[in-house]
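A.B. asks: Following this message is one structure expressed as C-alpha cells.
Values in this text are rule-based calculations from the coordinates and carry no lab data. Only a predicted model underlies this, so the values are computations on that prediction, with no experimental measurement involved. Counting neighbours? That spans all protein chains shown, and the Cβs are built from the backbone with ideal geometry, glycine included.
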C-alpha cells in the first residue's frame with residue numbers, strides 16, 4: 001500500500017512560501033553579512049560571531065517549526081532533529097572553567113530555542129510519512145567519505161599551499177582532539193548549515209519543480225560563496241569547499257535526508 005503524503009497540496013503552498021522568505025533572510029545573513037565581517041576584520045569578535053550563529057540557528061529552527069508536518073518534503077529526519085536540539089542545548093553550554101563565556105546569555109538562548117522546537121515537534125500532528133528516512137548505510141558512507149576528505153586535505157593541503165588541518169588551538173592532534181573536532185563540526189557547523197543548504201533549500205526548489213541536478217549545483221555554489229572568508233587558504237577555498245558542497249549535496253540527493261551529510 002502506498003504511503004500517504006505528509007501534507008496535501010493546499011497545505012503545502014503556504015509552507016513553501018514561508019520557507020522561501022526564511023531562506024532569503026538566512027542567506028542574507030549567512031553569505032554577505034558573514035563575509036563582510038571577515039573583510040572588515042571583525043571575525044575575531046567572539047560575541048558578535050555568537051550572535052550571528054544564534055540568528056542562523058533561530059532561522060533554522062523556525063523552518064523546522066513551519067515544516068513540522070512535512071519534514072519529508074525537506075529531507076529532515078529524526079536523527080537530524082535530535083542532533084539539532086542536542087547540540088543546541090547541552091553541548092552549547094560552556095564548561096564551568098570557561099569563565100569568560102560562562103555568563104554569555106547567547107549560549108543559553110540556544111537552549112531555549114532548541115527546547116521550544118522540541119516541544120513544537122512533539123505536539124504537532126502525526127501525519128503518516130512526515131519524516132524523511134535515515135538509512136544507517138548512508139550514515140556509515142557519510143562518515144567514511146568525511147574521513148577520506150580529511151585525509152585528502154591533510155595530505156594534499158600542505159603540498160599545494162602549505163595548509164594543514166587546523167584543530168582549535170587547545171586541542172592536540174590526537175584521537176581525543178580529532179573527536180572534539182568532529183563534535184565541534186557537528187555542533188557549530190553542520191547543524192547551522194546542513195538543514196538550510198541541503199534540506200530546506202533543496203525541498204523548496206523541488207517544490208518549485210527544479211531538476212535535482214540543478215539544485216545540486218546551486219546548493220554547492222551557494223555553499224562555496226558562503227565560505228569565501230577562507231580566501232587566505234587557497235586549497236580549502238578552491239578545492240576542498242567545492243568538493244565538499246558537491247559531496248554533501250550528493251549524499252542528501254541520493255539518501256533523501258540530511259543526516260549523512
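A.B. asks: If we sort 245-252, 81-88, 113-120 on the protection proxy, mean other Cβ atoms within 10 Å, highest first, what's the order?
C.D. replies: Most protected by this proxy first, the peptides run 245-252, 81-88, 113-120.
A.B. asks: For Cα pairs less than 8 Å apart in space and 6+ apart in sequence, what is the mean separation divided by the residue count of the stretch 176-261, i.e. the relative contact order in percent?
C.D. replies: Result for the stretch 176-261 is 28 percent.
A.B. asks: So for each of 65-76, 226-237 I average, over its residues, the number of other beta carbons within 10 Å; can you give me the resulting order with the highest mean first?
C.D. replies: By packing density, highest mean first, the sequence is 65-76, 226-237.
A.B. asks: How many angstrom lie between the C-alpha centres of the stretch 16-31 and the stretch 216-230?
C.D. replies: The distance from the Cα centre of the stretch 16-31 to that of the stretch 216-230 comes to 15 Å.
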